[in-house]
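Taking it in order: structure first as structure tokens, then the write-up.
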Amino acid sequence: MRDRLVRRLFPLLATVVLIIVGMLTTTWGPTLIGRSEWALPYDLWGTLVAATRLTHLDLGGLYTQPTGLVSLPGAAVILVPVGVVIDAAGLSLRIPGPDNPHPAVWLVAGPYQIALCCVTLFAADALAEQLGVSKWRRALLAAGSAGALWSVSARWGHPEDAVAVGLLLYAAGALSRSRTALAGWLTGAAVAVQPLALLALPVLLAVLPVRRTPGFLVRSALPAVVLLGAAALANWHATITAVTRQPNSALINHPTAWTSLAPHMSGGNVAAGPTRAVTILLACCCALLVRRRWLALASGPWPAAMLADILWWAALTLALRSFFEPVMVSYYPWPPLAVALIPAALGFPASKAWLRLIAASVIADGLTAAAQGTSHSVWIWWVPLVAGLIVLLAVARPRAFAPADTVAPDTVAAGAVADDAAPPGGGTLSVPGAATERSGKSISNPQPGQTPSASAAPLE
């Protein structure tokens, strides 16, 4: 256990700092600018109500007011532990406001949901270690990722987005080590918590052999089907209406270039569901490009360059939501930011890798800050945000490798990582007629058509 904590020291420290910063900025921070109310993530309250209803097995109440839930039931399931504590302590879930400026429930729910969001930091660090990223670059990765994570956690209170992305990253890591069954279940859990994970699903499917695809799809669908089916049986109309129509307010949130094309509902809302189906179709087109490039190498452990490239494509597909969503909320850009920072940490020589990661972190945290703006102008808010995402993806794009030139990350089970003098991915490029040893392991020169590989550290 101690060794695992040491290996994940940077995300652990980032988690502690984010909890402290998040709680201070929501409670003590507002007093510095003369506000009497705490600056709380109001979106969290509805999900907390749904979670407390689950503790009483009230499945029919998941999608009835005041929950406002439009995600899948897993969003409430992950809050059940804190829901139990809230219910046992008799804490009120009354919406914060002038009549409830300092709700005590936030002192319990706040640290829990921020810590829950930080699963993404641990997943990103595990993948960076597997890629062979040096220790101090992983420290910068944790810091940059935590800065962007503030928006989705402390500011807006949507742990389901962070948990889904974290599970998706762990799924990619499991798939890279040929643990297809585990990857399927992790992907299924991600989808059940937040269906935005469906955007990256085609990329993972693209590198699966046909014979493994049916089992992976069943595992990826089963958790969501079970949870959604149970909620639908308890309250069919409320469940189907919330999940399929996905209402979002263009008056409260940020309109985009696609707002006028989306189906309009009452109260200034638009239905985001149909547009999201289009983004999934575009994600499938991206998957075709991934399959063409990497399928031949997907039968065994993935080379480092392949894992980095798959992560980049996953970031691109997650960014499609921001590119084509009819109405945007300030935390929507976070998923591609979180994923894109991981391949940005990979590079050779070390000086270029540092520059790439520093640039990507500055862009990601700058976009996070800019997204908190209140403008409803498409040109002032949405267009610069999309442009920033495109720049970030360009900066994070892994260096082009020919498949025959890639190597697997040479990290040992104890968590050793490649030093800064190593080639991209922490592996050792083989020299014709020679074998290279690092950390007591050897990587032999491959035969034509083969790719050298080395055992990678398990994701923990």
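The values are calculated or read from the model by the stated rules, or taken from the named source; none is laboratory data. As the structure is a prediction and not an experimental result, all values here were calculated from the model. Note that we place each Cβ from the backbone using ideal geometry, even for glycine, and neighbour counts take in every protein chain shown.
Looking at the stretch 156-245, what helices (runs of 4 or more DSSP H) fall wholly within it and have at least 1 residues that are over 30 Å from Gln130 (Cα atoms) and among the basic types (Lys, Arg)?
236-245
Any idea which of (1) surrounded by fewer than 20 Cβ atoms within 10 Å (Cβ to Cβ); (2) within 30 Å of Pro274 (Cβ to Cβ) is the one Ala189 doesn't satisfy?
Only one criterion is unmet by Ala189, namely (1).
Is it the case that Ser260 is among the polar types (S, T, N, Q), surrounded by fewer than 19 Cβ atoms within 10 Å (Cβ to Cβ) and under 18 Å from Met328 (Cβ atoms)?
yes
Somewhere in the stretch 203-219, is a residue closer than 14 Å to Leu72 by Cα and modelled with pLDDT of 95 or more?
No: zero hits.
Looking at Leu57, Leu72, can you tell me which residue is touching a residue at least 24 places away in the same chain (Cβ under 8 Å) and not acidic (Asp, Glu)?
Leu72
Looking only at residues in the stretch 67-95 that are surrounded by 21 or more Cβ atoms within 10 Å (Cβ to Cβ) and within 26 Å of Asn269 (Cα to Cα), which one is farthest from the chain's Cα centre (by Cα)?
So, considering only residues that are surrounded by 21 or more Cβ atoms within 10 Å (Cβ to Cβ) and within 26 Å of Asn269 (Cα to Cα), the one farthest from the chain's Cα centre (by Cα) is Thr67.
Going through Val278, Val270, Val226 one at a time, which residue ends up being touching a helix residue (DSSP H, G or I) at 6+ places or on another chain (Cβ under 9 Å), crowded, with 18+ Cβ neighbours inside 10 Å and on the phi < 0 side of the Ramachandran plot?
Val270
Which members of the stretch 243-294 meet the condition of being of a type in the set (Lys, Arg) and within 21 Å of the chain's Cα centre (by Cα)?
Correct list: Arg276 only.
Where the second residue is of a type in the set (Ser, Thr, Tyr) and the first is within 11 Å of Gly157 (Cα to Cα) and lies in the stretch 107-133, which pairs have Cβ atoms under 6 Å and are six or more apart or on separate chains?
Close Cβ pairs satisfying both conditions: Ile114/Ser153; Cys117/Ser153.
Give me the residue from the stretch 229-257 that is closer than 27 Å to Trp185 by Cβ and without any contact (Cβ under 8 Å) to a residue 24 or more places away in the chain and, out of that set, surrounded by the most Cβ atoms within 10 Å (Cβ to Cβ).
The selected residue is Ala232.
Go through the stretch 86-106 residue by residue and tally those that are hydrophobic (A, V, I, L, M, F, W, C) and free of Cβ contacts under 8 Å to residues at least 24 places away in the same chain.
Looking only at that region, the number is 4.
If a residue has to be of a type in the set (A, V, I, L, M) and under 22 Å from the mean Cα position of the chain (by Cα) to count, how many in the stretch 41-66 make the cut?
3
What is the residue count in the stretch 333-381 for residues that are aromatic (Phe, Trp, Tyr), surrounded by fewer than 23 Cβ atoms within 10 Å (Cβ to Cβ) and out of contact with any Gly (no Cβ under 7 Å at 6 or more places or on another chain)?
Qualifying residue count for the region: 3.
Filter the stretch 26-81 down to residues that are among the polar types (S, T, N, Q), in a loop (DSSP other than H, G, I, E, B) and in contact with a helix residue (DSSP H, G or I) (Cβ under 7 Å, 6 or more places away or on another chain), then give me how many there are.
Total meeting the criteria: 3.
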